[in-house]
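Data first, discussion second: the structure below is written as structure tokens.
The values are calculated or read from the model by the stated rules, or taken from the named source; none is laboratory data. Source: prediction; values computed, not measured. Don't worry about glycine lacking a Cβ; one is built from the backbone with ideal geometry, like all the others, and counts go over all protein chains shown. These area figures cover heavy atoms from the full protein model, side chains too; ligands, DNA and RNA do not enter into them. Shrake-Rupley method; radii C 1.70, N 1.55, O 1.52, S 1.80 Å.
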Amino acid sequence: MAETTTGRRERKKARTRQALADAAVRLFTEHGFDNVGVREVAEAADVSLSTLFKHFPSKEALVFDLDADVESALVAAIHDRAPGQPVLHALRDHMVHTRTAVRTDDPTFVLVESTPALRDYARRMWSRHENTLAAALAEATGLTPEDPAVTGLARFTLEAPGIARASKDPARTMRDLFALLEHGWATTPLARQEDRPGRDG
């Protein structure tokens, strides 16, 4: 009986959270982020203002309702990788599958890209995952979370989607970026071109 009650409560919380997120994106898209207050979002979702803040700590957070899920998925990509799979390959595959399929005409994507406050929040939010990802990498590799190899890979992983999404083929670009990290600059076409005789006169 207790499990049923708990399950019902969690489902209700999830529905409330989703209703708030949906209302926020709709209102922000229709009227502009700066022209809509959190009270209006709460009213549109038919909840109190205090309920809104139980689910979302700020106005910006309303647009990023899957923040915790994104972080959990990053850690799971390392912890749950196939036996013998390098962490670099696990992260590459995860980022290709989850961070390159965002459609540029998606309402939330358009809203974030057109709103400076949301772009800044998104960048800060994404960067906050760095410490958690570094800790997971340290656990998987036996290095310390402060080791440059760990912090460097964590930061690279989180920065790569921004570069990939700006290209014509995000998935291929993401793979190319991880290949660059794995094999080094010397293997790139530009590096081979630099090594041709006569390049320096």
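The stretch 5-87 holds helices (runs of 4 or more DSSP H) entirely within its bounds, and those carrying 1 or more residues that are more than 30 Å from GLU159 (Cβ to Cβ) and either within 22 Å of the chain's Cα centre (by Cα) or not small (Gly, Ala, Ser) (or both) map to 38-44, 49-55. Of everything listed in (1) at pLDDT below 85; (2) farther than 26 Å from ASP169 by Cα; (3) out of contact with any Phe, Trp or Tyr (no Cβ under 9 Å at 6 or more places or on another chain), the single unmet condition for ASP65 is (3).
I want to confirm something. Restricting to the stretch 140-149 and keeping residues that are without any contact (Cβ under 8 Å) to a residue 12 or more places away in the chain and in a helix (DSSP H, G or I), which single residue is least open to solvent (accessible area, probe 1.4 Å)? For the stretch 140-149, the residue satisfying everything is ALA149. The lone criterion from (1) in contact with a Lys or Arg (Cβ under 7 Å, 6 or more places away or on another chain); (2) over 19 Å from VAL25 (Cα atoms); (3) hydrophobic (A, V, I, L, M, F, W, C) left unmet by LEU133 is number (1). Of all the residues in the stretch 162-178, those that are within 22 Å of ALA136 (Cβ to Cβ), buried (at least 17 other Cβ atoms within 10 Å of the Cβ) and out of contact with any Pro (no Cβ under 8 Å at 6 or more places or on another chain) number 3.
Is it the case that some residue within the stretch 113-134 is surrounded by 15 or more Cβ atoms within 10 Å (Cβ to Cβ), in a loop (DSSP other than H, G, I, E, B) and of a type in the set (Ser, Thr, Tyr)? Steps first, please.
Step one: of the stretch 113-134, the residues surrounded by 15 or more Cβ atoms within 10 Å (Cβ to Cβ) are 115, 118, 121-122, 125-126, 129-130, 132-134.
If we keep only those that are in a loop (DSSP other than H, G, I, E, B) too, we end up with 115.
Still in the list and also of a type in the set (Ser, Thr, Tyr): 115.
Yes.
Filtering the stretch 89-105 to residues that are part of a helix (DSSP H, G or I) and either open to solvent by 30 Å² or more (accessible area, probe 1.4 Å) or without any contact (Cβ under 8 Å) to a residue 24 or more places away in the chain (or both) leaves HIS89, ALA90, ARG92, ASP93, HIS94, HIS97, THR98, ARG99. Taking the stretch 179-189 as the range and being open to solvent by 90 Å² or more (accessible area, probe 1.4 Å) and over 19 Å from GLY152 (Cα atoms) as the test, only PRO189 passes.
Considering VAL47, VAL38, VAL25, the condition of being hydrophobic (A, V, I, L, M, F, W, C), surrounded by 13 or more Cβ atoms within 10 Å (Cβ to Cβ) and over 20 Å from LEU118 (Cβ atoms) is satisfied by VAL47 alone. Of everything listed in (1) touching a helix residue (DSSP H, G or I) at 6+ places or on another chain (Cβ under 8 Å); (2) modelled with pLDDT under 95; (3) acidic (Asp, Glu), the single unmet condition for GLU40 is (2).
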